[in-house]
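Step one of this worksheet: look at the structure below.
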Amino acid sequence: MTEQIRSVVTTIIPQAVMEGAGVRLKRSFPSRTLDFLDPFLLFDHFGSDNPADYMAGFPMHPHRGIETVTYMLAGAVSHKDSLGNAGTISTGDVQWMSAGGGILHEEMPQRGETDRMEGFQLWVNLPARLKMMHPRYRGITAEMIPNVVGPDGTVVRVIAGEYNGTRGPAVEIAADPTYLDVSVPAGGAFRQPVQRGHTALAYVFEGAGTFGDSATLTPYRFLVFSDGDAVTARAGAEGLRFLLMTGRPTGDAIVRYGPFVMNTREEILQALADLHDGTFVKGE
Ligand code: MN
């Protein structure tokens, strides 16, 4: 069988939204017309040089049934959670947090040397059997993330999954995800095999380039790929930088309500009841 290069089937223009206690960000999904991209549930890009856009942060709030993945490009966010973790994630760091049955946490931006704050948050679904798992927190520092440099100067930061034989530090995740930060120099090319049946998504945030047989794409665009065997990209004259995210769909029904994503309406009502009567955080 000949290898099929995945093509871009949907191009999403992120929409400005206000989240947390008043943080301006660009949301690719969910939206009124797109609830989720199984196994992915949300993709946000926050980025500003004005502290007023982000300093309010995300005070203590719950999550259940999902994993939240925060990747910082610039600035710093301090966090605290009901597992007893506390620390700061800064430039190049990743926080991979599995809320499982219940976690309470806060994510508060810090003033740094500059006013720049930029990063991404991705939500990954947990399959039904793991929705109530014991919460798990992983702080991945920038030094733990391998940088794979190709012969044409392409640099790939491997956060999860594998690129060219190099594995990322975020392992043992139910969705079997790949999460790459790809920088392709002018005229360079990128290719990544993706298992058939797995969802493949990309977010273009610097430069310009093409994916498969697409037209030239520029920031900020969120891309959904067709099924196939590989994702390819080619950079234009100014280079191209994008995130590539892939994962195995759960196939499960999804009922979502804010920070809770479960499989039935009853499970959402249970989460709200647990939060109300103080039994939200499980398994301590
Ligand atoms: Mn959160």
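The values are calculated or read from the model by the stated rules, or taken from the named source; none is laboratory data. This structure is a prediction, so every number in the text was calculated from the model and none was measured. Every residue, glycine as well, gets a Cβ built from its backbone with ideal geometry; the counts of neighbours run over all protein chains shown. Ligands, DNA and RNA are excluded from the accessible area calculation, which covers all protein heavy atoms including side chains. Shrake-Rupley method; radii C 1.70, N 1.55, O 1.52, S 1.80 Å.
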Between helix 265-277 and the chain, what is the angle of the helix's C-alpha long axis to the longest principal axis, kept within 0 to 90° and rounded to the nearest 10? 50 degrees
Value of relative contact order over the chain, rounded to a whole percent, pairs C-alpha under 8 Å and six or more apart: 20 percent
Lysines with Cα under 30 Å of residue 282, excluding same-chain neighbours fewer than 8 positions away: 80, 131
Take peptides 143-150, 225-232 and line them up by average Cβ neighbours within 10 Å, highest first, as a rough protection proxy. 225-232, 143-150
Extending each Cα 7 Å along its Cβ direction at residue 1 and residue 220, get the distance between those two points in nm, one decimal. 3.7 nm
Taking amide H positions as placed 1.01 Å from N in the peptide plane, with prolines and chain starts having none, which residues 5 or more places from residue 107, or on another chain, fall under 5 Å of its amide H? 58
Using the Cβ atoms and a cut-off under 15 Å, what net charge is assigned to the surroundings of residue 168, where Lys and Arg are +1 and Asp and Glu are -1? -4
On a full-extension model of 0.36 nm per residue, what is the gain between residue 152 and residue 128, subtracting their alpha-carbon distance, rounded to one decimal in nm? 4.4 nm
Please report, as a whole percent, how much of the solvent-accessible surface of the chain comes from carbon and sulfur atoms (probe radius 1.4 Å). 51 percent
Given a Förster radius of 35 Å and the C-beta distance between residue 273 and residue 114 as r, what FRET efficiency does 1/(1 + (r/R0)^6) yield to the nearest 0.05? 0.20
Residue-count net charge about residue 71 - beta-carbon cut-off 14 Å; Lys, Arg +1, Asp, Glu -1: -3
Rounded to 5, the percent of DSSP beta bridges in the chain classed as antiparallel: 95 percent
Which of these, 222, 242, 58, has the largest mean-square fluctuation under a Gaussian network model of the chain (Cα springs below 10 Å)? 58
Amide H neighbours of residue 126 under 5 Å, counting only residues 5+ apart in sequence or on other chains, H built in-plane at 1.01 Å? 67
For the stretch 204-219, Karplus-derived ³J(HN,Hα) couplings (6.51, -1.76, 1.60; θ = phi - 60°; whole Hz; x for glycine and proline) come out as 8, 10, 8, x, 7, x, 10, 10, x, 9, 6, 6, 5, 10, 10, x
Neighbour cut-off at most 16 other Cβ (10 Å), DSSP loop, trypsin sites (Lys or Arg not before Pro), the stretch 161-237: 196
The stretch 204-239 scanned against label point 7 Å out from residue 189 along Cα→C-beta; backbone N under 17 Å for 209-216, 229-237, 239
Distance-filtered residues of the stretch 230-246 - backbone nitrogen under 16 Å, label point 7 angstrom along residue 164 Cα→Cβ: 231-235, 240-242, 244
What is the sum of charges around residue 52, taking Lys and Arg as +1, Asp and Glu as -1, for the other residues whose C-beta is under 14 Å from the C-beta of residue 52? 0
Return the Rg/Rh value of the chain, two decimal places, where both radii are evaluated on C-alpha atoms and Rh is the Kirkwood radius. 0.96
What does DSSP give for the stretch 144-203 in terms of the percent of beta bridges that are antiparallel, rounded to the nearest 5? 90 percent
Per residue accessible area of the chain, 1.4 Å probe, in Å²: 43 Å²
